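**Student:** My questions will all concern the structure given below.
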Amino acid sequence: MGGRIATLPIRSATASNSLLNERVADTLRTVAPASNCKATARICCLGWGSLIWDPRNLALRSPAVWREDGPMLPIEFARKSSDGRITLVLSTAGPAVPVLWAEMDVATLAQARDNLAEREGCSVSAIGCWPTERRDVLHSR
């Protein structure tokens, strides 16, 4: 699965928690080693919850296929959404569960982050990506 660049929502109760960032980055390193990403980079979105069954305007490559061989990430029902629902988010307290992934139909990482932020109703700074310039932590700009 080399060559993927993952874009994912990092909105959580602990979005700035470095332990969570390290845990997610460690998981993603095993899925898409940074050394493979330069030659055949594709932009993919990791997904769980409503993003899967209600992608709305998410720019997924057609036909949209959510693949089931994504990384194991710590996901938990730990955030109350603006409409009052309890939603799944990355959380240090969450169990590692398999997440889905789909290839995005965008040309740049900036377009992917903008598109996912629009779908999630959040700022681009709440959208993380990996690999990063530092390659050792998940980041949001």
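Laboratory data are not the source of any read-out in this text; all were calculated from the coordinates shown. Every value quoted in this text rests on a predicted model; they were computed, and no experiment measured them. Virtual Cβ from ideal backbone geometry, glycine too; neighbours counted across all protein chains shown.
**Student:** Quick one: if you stick a label point 7 Å off each Cα along the C-beta vector at S123 and S50, how many nm between them?
**Tutor:** Going from the S123 label point to the S50 one covers 2.2 nm.
**Student:** Using a Förster distance of 41 angstrom, determine the FRET efficiency expected from the C-beta separation of L109 and R85, and round it to 0.05.
**Tutor:** Using R0 = 41 Å, I get an efficiency of 0.90.
**Student:** A follow-up question, please. On a full-extension model of 0.36 nm per residue, what is the gain between R42 and R61, subtracting their alpha-carbon distance, rounded to one decimal in nm?
**Tutor:** Answer, rounded to one decimal: 5.8 nm.
**Student:** With only Lys, Arg, Asp and Glu charged, each at its Cβ (+1 for the first two, -1 for the last two), find how big the charge dipole of region 47-95 is about the Cα centre; round to the nearest 20 debye.
**Tutor:** It works out to roughly 160 debye.
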